[in-house]
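Read the structure below first, then the notes.
The values are calculated or read from the model by the stated rules, or taken from the named source; none is laboratory data. Owing to the predicted nature of the structure, the values given are computational and were not obtained by experimental measurement. When we count neighbours, we look across all protein chains shown, and the Cβ atoms used for this are built from the backbone with ideal geometry, even at glycine.
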Amino acid sequence: MNIKAVLNTLGRLLQVEAGLLVLPLVVALIYGEDAHPFLLTILIIGIVGTALTLIKKKTSVTFEREGFIIVSMSWLLMSAFGCLPFVISGAIPNYIDAFFETVSGFTTTGASILTGFDTMNQSLIFWRAFTHWIGGMGVLVFAMALLPMTNSRSVHILKAETTGPTKGGKLVPKMRSTATILYVLYFSLTVVEVVFLLFGGMPLFEAVTYSFATAGTGGFSMSASGIAGYNSPYLNVVISVFMLLFGVNFNIYYMMILGNIKSFFSNEENRWYMIIVAASTLFIAVNIMSVFGNFAQSLMQSFFHVSSVITTTGFGIADFTLWPTASQYVLVLLMFVGACAGSTGGAIKVARVIILLKSIRRSINKMIRPNQVELIRLNGTALDEDVVSSTHTFFSLYMLLLLGSGLLVCLDGFDFTTSFTATIACLSNIGPGLGLVGPMGNFSFFSPGVKLLLSLLMLMGRLELFSVVIMFSPKAWRRR
């Protein structure tokens with residue numbers, strides 16, 4: 001383990017976070033708000049970051065384990081320091097609550113401990129939404145687009161932070177160029193959404209912050225009433241569509257720019273993603289007609305919440321905990337499935353579900369014809385057995401964490417639905433669950449210990465389990 005190189009890189013990443021905090025500082029000055037929480041936080045992070053960068057490393061050579069450690073530690077440190085403006089300002093005076101809220105922001109979970117926005121300045125609301133946007137594509141991907149890094153270190157970092165079973169794929173030979181392309185696409189889609197929201201009458205500040213939350217598939221609301229407060233079918237449809245678009249693998253958008261328009265429909269994962277959305281939307285729309293009275297309203301409500309849940313955004317315009325049980329069941333299933341690999345969404349990912357189903361089929365075929373050799377293919381390409389094995393390991397670890405953590409959350413004494421869906425919501429980076437943590441509820445009532453556990457689950461879910469698990473492995477820290 002090249003510890004000095006790890007600490008040096010973490011210092012540079014903290015300096016990037018200090019630079020990002022300048023934006024909410026500017027917002028505070030524009031609105032005439034108290035700017036000292038951001039100034040003090042920038043000073044603290046700047047000092048710590050600079051001190052770490054002064055650590056002289058004997059060599060810049062890093063390997064895969066350093067990449068995993070850098071990714072895990074950077075997300076943890078950026079959350080630990082990024083929550084300071086909330087604590088210093090007094091908007092969220094309890095550090096554990098502020099840490100939970102910030103982890104939820106960076107991991108694009110959207111689970112909140114806030115019960116109101118009366119004491120929240122515009123600059124803090126902006127920073128809260130901005131954490132979604134930064135974390136959506138990845139903190140390290142953003143830093144790679146700005147900071148000069150060796151290509152070997154960049155490969156390991158991108159592999160550790162990119163979501164999905166086929167991690168670390170490069171769009172172009174240089175990793176920094178790949179990171180830049182991803183963020184240009186990400187920024188462009190965000191700007192387009194802002195324009196559409198402005199056209200629907202949403203004020204500029206809300207249009208920007210809601211676009212941040214949609215782009216990162218995060219789901220933080222910017223007011224107590226949230227999106228439902230606008231009572232606008234147009235805005236509901238726009239946000240629904242953009243939630244789905246940000247749930248698509250960004251490699252597909254790059255291929256479309258290069259002229260391969262068919263890739264959007266020919267990609268197997270994306271095709272199944274759209275089929276799942278369409279089937280779930282239609283099923284729920286029919287099932288909730290008794291709640292809303294007409295099919296058009298039911299279809300709009302169903303489409304919005306299916307888009308919100310499968311992309312793990314977590315926005316809500318109605319309390320779906322009051323819907324029929326069958327609709328709630330479908331939404332919980334979507335919490336497990338999630339969006340596409342290489343998107344800003346969380347959960348297991350559609351690609352992994354496809355691989356798991358094909359693995360089951362292959363195992364059954366193997367029982368019938370023991371001598372048959374069958375390869376698992378995705379998009380017509382045979383997958384390496386390491387990818388298949390990694391998918392099985394991921395699913396097993398995901399279920400073990402879900403069941404074990406769910407038991408610990410239940411010890412807080414709340415009902416099963418609340419405790420279990422809160423665990424799913426945090427591990428899959430969704431935000432709202434059912435029961436007390438439904439779209440109209442929050443996570444403020446949990447004990448400090450459970451909030452820290454749920455914060456860890458959010459980090460593990462966003463970093464796809466392995467990076468955080470490796471961080472806790474003693475073997476990863478050995479020098480040889």
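Can you find, within region 362-388, the residue that is modelled with the lowest pLDDT among those that are among the polar types (S, T, N, Q) and surrounded by 12 or more Cβ atoms within 10 Å (Cβ to Cβ)?
Filtering first and then ranking leaves Asn379.
Okay, residues lined up against (1) on the phi < 0 side of the Ramachandran plot; (2) buried (at least 24 other Cβ atoms within 10 Å of the Cβ); (3) free of Cβ contacts under 8 Å to residues at least 40 places away in the same chain:
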site	(1), (2), (3)
Leu189	yes, no, no
Phe196	yes, no, no
Gly200	yes, no, yes
Ala207	yes, no, yes
Ala213	yes, yes, no
Gly216	yes, yes, no
Met222	yes, no, no
Ile227	yes, yes, no
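Scan region 117-128 and report the pairs whose first residue is surrounded by fewer than 17 Cβ atoms within 10 Å (Cβ to Cβ) and whose second residue is modelled with pLDDT under 85 and not in a loop (DSSP other than H, G, I, E, B), with Cβ atoms within less than 7 Å and a gap of 6+ or a chain change.
Qualifying pairs under 7 Å: none.
In region 344-356, how many are basic (Lys, Arg) and outside any loop (DSSP other than H, G, I, E, B)?
If we filter region 344-356 for residues that are basic (Lys, Arg), which is where we start, we get 349, 352.
Among the residues that remain, those that are also outside any loop (DSSP other than H, G, I, E, B) are: 352.
Count: 1.
So, Asp412, is that one out of contact with any Pro (no Cβ under 6 Å at 6 or more places or on another chain), part of a loop (DSSP other than H, G, I, E, B) and either over 22 Å from Glu464 (Cα atoms) or free of Cβ contacts under 8 Å to residues at least 40 places away in the same chain (or both) or not?
yes
Looking only at helices (runs of 4 or more DSSP H) that lie completely in region 243-343, which have at least 3 residues being over 17 Å from the mean Cα position of the chain (by Cα) and among the aliphatic types (A, V, I, L, M)?
250-257, 268-287, 295-310, 325-337
Among the residues of region 257-270 satisfying the criterion of being exposed (fewer than 15 other Cβ atoms within 10 Å of the Cβ) and of a type outside the set (Phe, Trp, Tyr), which is nearest to Thr381 (Cα to Cα)?
Among residues in region 257-270 that are exposed (fewer than 15 other Cβ atoms within 10 Å of the Cβ) and of a type outside the set (Phe, Trp, Tyr), the one nearest to Thr381 (Cα to Cα) is Ser266.
For region 72-110, which positions are at pLDDT 95 or above, among the aliphatic types (A, V, I, L, M) and farther than 19 Å from Pro24 by Cα?
Ile96
Would you confirm, using the coordinates I've provided, whether Ser359 is assigned to a helix (DSSP H, G or I), of a type in the set (Gly, Ala, Ser), without any contact (Cβ under 8 Å) to a residue 60 or more places away in the chain and buried (at least 19 other Cβ atoms within 10 Å of the Cβ)?
Details: assigned to a helix (DSSP H, G or I): yes; of a type in the set (Gly, Ala, Ser): yes; without any contact (Cβ under 8 Å) to a residue 60 or more places away in the chain: yes; buried (at least 19 other Cβ atoms within 10 Å of the Cβ): no.
Judged against the criteria, Ser359 is not a match.
One line per residue, one yes/no per condition, for (1) within 19 Å of the chain's Cα centre (by Cα); (2) part of a helix (DSSP H, G or I):
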| site | (1), (2) |
| --- | --- |
| Val6 | no, yes |
| Gly19 | no, yes |
| Pro37 | no, yes |
| Ile42 | no, yes |
| Val48 | no, yes |
| Ala51 | no, yes |
| Phe99 | yes, yes |
| Thr108 | yes, no |
| Thr115 | no, no |
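So which of Thr344, Thr312, Thr325 ends up being at negative phi, β-branched (Val, Ile, Thr) and touching a Ser or Thr at 6+ places or on another chain (Cβ under 7 Å)?
Thr344
Quick one: which residue in Ser298, Ser343 is of a type in the set (S, T, N, Q) and without any contact (Cβ under 8 Å) to a residue 60 or more places away in the chain?
Result: Ser298 is the single residue among Ser298, Ser343 that is of a type in the set (S, T, N, Q) and without any contact (Cβ under 8 Å) to a residue 60 or more places away in the chain.
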